[in-house]
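Input: a single structure, listed below in structure tokens.
The values are calculated or read from the model by the stated rules, or taken from the named source; none is laboratory data. The structure presented is a predicted model; accordingly, all values stated were derived computationally and were not measured. Cβ sites come from the backbone with ideal geometry, for glycine too, and all protein chains shown count toward neighbours.
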Amino acid sequence: MRFAWQNMLRLLIASLMTVCTFQPAGSLAREYLDIYSTGIVKFPVAVPDFEYLDSGDDLSGMVRKITDVLSNDLRISGIFDVRAPGLNVDLLKDEKFGDHDAVNYSQWVSLLKVDGLVKGGYRYRRDPKTKSTLLSIDVYFYDLTIKSPILGKRYEAGVEDARRIVHRIGNDIVYKLTGERGIFDTKIAFSSKRGKYKHLYVIDFDGANLRQMTRGPFIDFSPTWSPDGKYLAFTSISPADSSVKLNALSLHDGQKKLISGFPGLNTAAAWSADGQNLAFVLTKDGNPEIYVQDRRGTLTRLTKNWSIDTEPTWSPDGKWIAFVSDRAGSPQIYIMDEKGGNVRRLTYEGNYNTSPAWSPRGDKIVYTSLNNGDIDLCLISPDGSGNRFMTRGAGRNESPSWSPDGRLIAFFSNRLNTSQIFVMEANGSNVRRLTMSKGEFSDPAWSPRLDQ
């Protein structure tokens, strides 16, 4: 629950009552990194410019686009220490692309202090059926310690999909190192007010391809992704009749469907990880209570309390729900089981704790906390131990959302005077600004991994 949202909630209550795979010699199926270990040492990797494999020169700027997008993907993943060859670019002169024996393995290690090397080459070809231009990229990822490539693949798609191809390359490199697919095909949804109304937008995880998703005379906010990535559930207020409804937006065709339109509030939606249940908040029976609706439309009330109960978030196994309640006099984080029983209070530090988000592994909950006048993000274990700050005093920091691999957290902050979306590593380091456009941005929601 955002602090502005808490006030608005009370006011509303009052008023409403194609891929080809090479098999390089020596390829391994082992995992190199445990991305969930404490104090992970980032994997040092060199990413020299990709090569144009056809005759002549390519003046389109594609080499820079491919190299920069991949380097940026790996760098902001929180897993890699990306290093460019720089003055050591002469290493490449004696290395014929695709000739693994010609790679100067020991020199890459000694000069750049890296353990991995990404080498790529690209060319264009004409699709015989559509007559369109295709971009074909060959990539090798070398383990310099064993002097052998552990990944070799060809990626091909239309030239207009260059960024998408490169994201796939990054995902495959992450998989080779960690045994878990990367997140470079993910997106972040959020709400933005530009003018009189507020609408939903979606942006790539790296800040590219901003798209407006909803339109019309509505105030749309609090988006949440379905586990299959096909829908966004969100709260929509109609100024015309003051109704507050829950809708679902199809990412396929842009069609909007009503989820819940009871009299009063319909808000704070949260899908279970298996997509079988949707938790949300209704005031149809009086004060705000948490309900769960299954795929058949059966509605079950979970909380029965005189207080405000809101902002449910599911544990990954679907057995528990964390939520916000002011039953102790101020908003705090509580946990209950999937049936509404076994309720226990989680947070005791800070007098205003809201916006819980359960980590993909289920071992942490990040939340927003008002403490000594500062609004920051905190991290706590589901058993109440290990509570600590993730941000500290740099503006208002609210509404956290986990990346699907649990390595990154998106949130919004006014640390630069306007409300913008930021992303940081899950230990609170390497904060970067995601949104660069004018306007106010809030309510980030990280998508699941999306099909390419």
For segment 335-452, please list each of the strands (runs of 3 or more DSSP E) lying entirely inside it that holds at least 3 residues being within 14 Å of the chain's Cα centre (by Cα). 397-402, 408-413, 420-425, 440-446
Please pick out the residue among Leu249, Leu258 that is in the same structural domain as Phe441 (by TED's automatic domain parsing), over 16 Å from Ala445 (Cα atoms) and modelled with pLDDT of 95 or more. Leu258
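Each row is one residue, and each column tells you yes or no for (1) within 16 Å of Pro44 (Cβ to Cβ); (2) crowded, with 18+ Cβ neighbours inside 10 Å.
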residue: Ile66; (1), (2): no, yes
residue: Ser77; (1), (2): yes, yes
residue: Phe80; (1), (2): yes, yes
residue: Pro85; (1), (2): yes, yes
residue: Asp94; (1), (2): no, no
residue: Val103; (1), (2): no, yes
residue: Leu111; (1), (2): yes, no
residue: Gly116; (1), (2): yes, yes
Is segment 159-177 home to any residue that is outside any strand (DSSP E or B), modelled with pLDDT under 95, over 24 Å from Arg64 (Cα atoms) and charged (D, E, K, R)? yes
Are any of the residues in segment 249-259 closer than 23 Å to Tyr334 by Cβ, buried (at least 22 other Cβ atoms within 10 Å of the Cβ) and in contact with a strand residue (DSSP E or B) (Cβ under 8 Å, 6 or more places away or on another chain)? no
Quick one: in segment 160-189, of everything that is surrounded by fewer than 21 Cβ atoms within 10 Å (Cβ to Cβ) and among the hydroxyl-bearing types (Ser, Thr, Tyr), which residue is nearest to Gly406 (Cα to Cα)? Thr178
Among the residues of segment 95-138, count how many are out of contact with any Pro (no Cβ under 8 Å at 6 or more places or on another chain) and on the phi > 0 side of the Ramachandran plot. 2
Please find, among Ser192, Ser236, the residue that is surrounded by 20 or more Cβ atoms within 10 Å (Cβ to Cβ), touching a Gly at 6+ places or on another chain (Cβ under 6 Å) and among the small types (Gly, Ala, Ser). Ser192
Here are some conditions: (1) assigned to a loop (DSSP other than H, G, I, E, B); (2) in contact with an Asp or Glu (Cβ under 8 Å, 6 or more places away or on another chain). Phe234 meets all but one. Which one does it not meet? (1)
Looking at Asp326 and the list (1) surrounded by fewer than 23 Cβ atoms within 10 Å (Cβ to Cβ); (2) of a type in the set (Asp, Glu); (3) within 25 Å of Ile76 (Cα to Cα), which single condition is not satisfied? (3)
Subset of segment 331-368 that is small (Gly, Ala, Ser) and modelled with pLDDT of 95 or more - its residue that is surrounded by the fewest Cβ atoms within 10 Å (Cβ to Cβ): Gly341
Of the residues in segment 63-117, how many are among the β-branched types (Val, Ile, Thr) and at pLDDT below 90? 1
Restricting to segment 273-287, name every residue that is closer than 18 Å to Val324 by Cβ, in a loop (DSSP other than H, G, I, E, B) and out of contact with any Leu (no Cβ under 6 Å at 6 or more places or on another chain). Gly286, Asn287
Do we have Val139 as closer than 14 Å to Phe50 by Cβ, in contact with a helix residue (DSSP H, G or I) (Cβ under 6 Å, 6 or more places away or on another chain) and modelled with pLDDT of 95 or more here? yes
Kindly indicate which of Pro239, Pro227, Pro223 is in contact with a strand residue (DSSP E or B) (Cβ under 9 Å, 6 or more places away or on another chain) and either over 25 Å from Pro312 (Cβ atoms) or of a type in the set (Asp, Glu) (or both). Pro239
Among the candidates Tyr140, Tyr124, single out the residue that is in contact with a Leu (Cβ under 9 Å, 6 or more places away or on another chain), in a strand (DSSP E or B) and surrounded by 18 or more Cβ atoms within 10 Å (Cβ to Cβ). Tyr140
Take the conditions in a strand (DSSP E or B) and farther than 22 Å from Pro85 by Cβ and apply them to Leu200. Does it pass? yes
Which one of these does Ala269 not meet: (1) assigned to a strand (DSSP E or B); (2) modelled with pLDDT under 95; (3) small (Gly, Ala, Ser)? (2)
